[in-house]
Amino acid sequence: MNYRLLGRTGVQVSQLCYGTMSFGGDADEAAAAEMFKAARDIGINFFDTADQYSKGRSEEILGKLARGAREDLVIATKCFNATGPDLNAKGNSRRHLTRALEASLKRLQTDRVEILYLHMHDPLTPVDEAMRALEDMVRFGKVLYPALSNWAAWQIQQAIGVQEANGWARLQAIQPMYNLVKRQAEVEILPMAAANGVAVFPYSPAAAGLLSGKYADKSTQGRLVANKNYANRYGEPWMHDVAERFVAFCKQRGMHPVSAAVAWVAAHPAVTAPIIGARNVQQLQASLDSLKIEMSRALWNEMAALSRTPPPATDRLEEQKRP
C-alpha cells in the first residue's frame, strides 16, 4: 500500500479509500467486520461514510469497528440529506449542519472527523453561509478539514474563493463520481482540483458494478436493477456497450474487470484515491487487487478509448487531448 497526501494538510492517506455505504444495509455487522479487517490488513487507513447510509447504521457500525484503532484512522463523513421529517432537517444551513454533525459524531463514537463533506450543493443556502458553518466546526475542533461532494467545478471554486477572502479553513478534498462511463469530471473538476491542490476521492470507480460485466446477463439482480437511481444513472445503452467491450478487453489481458476499473480511476494524475466498497469480503478482493495492476499511460489510454471522451470545456474539439 502506498500513501498519498490529503490535499495540503500533510496528512497521509492510503491509495484506496474504503467506502462503508454497504454497512448496515447490504452488509450486516459480521460482513462489515470482515471487510473492515481485510481493508486494515492490506494497509487502508482511510474510511468514508455518510449520515444517510442505512439511516445512520453505517456510521454506527464503523464507529464500533474503529474503537481501539481510532488514532490510526482518517474518517470522513457527509451531511446534507434529510435526517428527519422536518423541512429544515436537510440542506447546508448552519442549523442543519451543526445538528447533523453532532449526531454523526455520536454514532461514530468520536470527538471529531478528519473530513466532513457537504454531500450536495444546496440552492437554498448561500455558499458563504455554508462555508461559515464549516469554519465554525473547524474552530471547535469537531471537523479538521472541510470538503465537498457532488459539487460542480464552478461551485467548488466559488467556495474556495469565499474561504480565502475570509481567511477561513480551506477545502482540502472533493468527492466526484468518476469511472470509465462517467467521465465528466475530466473536463473541469479534476483540473480545478489539481490547480488548487485539493485531494480527489472519486466514488463508483466500477460504475456500481456495471464494469464488472455481471449485468451482461439480463437476469442478474443488483443495484442497477433494483435501484431506480442507479438504473437511470447507468441505463443508457452505450454505457452497457462500453462495459461489454471493457470486460472483453480485460479478459484478453488476464485482468479482473473490477480491478482494472479501479486501477484506471486511480491512475488519473489528479486522483488521490478511489473509494471502493463491497457487500462481502469475497467481492471486495477484486477492488483490493487493483493494487497489483501496473497502469501505464499507454494502458490507461487503451481503456479510455473504449469509452466516450467528454468534450472539452470550450467545446473546441480540434484541440482535445487526453490527460
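Given the structure, is Ala248 at pLDDT 95 or above and either on the phi > 0 side of the Ramachandran plot or not in a helix (DSSP H, G or I) (or both)?
So Ala248 fails the test.
Report yes if Gly235 is open to solvent by less than 20 Å² (accessible area, probe 1.4 Å) and not in a strand (DSSP E or B), otherwise no.
So Gly235 fails the test.
Table: residues versus (1) more than 24 Å from Ala263 (Cα to Cα); (2) of a type outside the set (Gly, Ala, Ser); (3) modelled with pLDDT of 95 or more.
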| site | (1), (2), (3) |
| --- | --- |
| Glu114 | yes, yes, yes |
| Thr125 | yes, yes, yes |
| Asp128 | yes, yes, yes |
| Lys142 | yes, yes, yes |
| Trp154 | yes, yes, yes |
| Gly161 | yes, no, yes |
| Ala165 | yes, no, yes |
| Ala169 | yes, no, yes |
| Pro176 | no, yes, yes |
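Give me a count of the residues in segment 52-81 that are touching a residue at least 12 places away in the same chain (Cβ under 8 Å), assigned to a loop (DSSP other than H, G, I, E, B) and open to solvent by 10 Å² or more (accessible area, probe 1.4 Å).
Matching residues across segment 52-81 total 5.
Would you point out the residue of segment 277-296, among those that are open to solvent by 60 Å² or more (accessible area, probe 1.4 Å) and without any contact (Cβ under 8 Å) to a residue 24 or more places away in the chain, that is nearest to Ala153 (Cα to Cα)?
Filtering first and then ranking leaves Glu294.
Collect the residues in segment 20-50 that are open to solvent by less than 10 Å² (accessible area, probe 1.4 Å) and touching a strand residue (DSSP E or B) at 6+ places or on another chain (Cβ under 8 Å), keeping them in residue-number order.
Result: Thr20, Ala32, Met35, Ala39, Ile44, Phe46, Phe47, Asp48, Thr49, Ala50.
Name the one entry in Ala243, Ala263 that is within 27 Å of Asn2 (Cα to Cα), at pLDDT 95 or above, surrounded by 22 or more Cβ atoms within 10 Å (Cβ to Cβ) and out of contact with any strand residue (DSSP E or B) (no Cβ under 8 Å at 6 or more places or on another chain).
Ala263
So in segment 158-177, with the set limited to residues that are buried (at least 19 other Cβ atoms within 10 Å of the Cβ) and of a type in the set (S, T, N, Q), which one is farthest from Pro123 (Cα to Cα)?
It comes out as Gln172.
Exactly one condition in (1) open to solvent by less than 20 Å² (accessible area, probe 1.4 Å); (2) over 27 Å from Gln12 (Cα atoms) is not met by Leu180; state its number.
Leu180 satisfies every listed condition except (2).
Which ones in segment 266-276 are within 23 Å of His240 (Cα to Cα) and either in a strand (DSSP E or B) or open to solvent by 40 Å² or more (accessible area, probe 1.4 Å) (or both)?
Matches in segment 266-276: Ile275, Ile276.
The values are calculated or read from the model by the stated rules, or taken from the named source; none is laboratory data. Please read all numbers here as calculations on a predicted model, not as lab measurements. Cβ coordinates were reconstructed from backbone atoms using ideal geometry, including for glycine residues, and neighbour counts include every protein chain displayed. Each accessible area value is taken on the protein alone, full model and side chains, heavy atoms only, with ligands, DNA and RNA left out. Shrake-Rupley method; radii C 1.70, N 1.55, O 1.52, S 1.80 Å.
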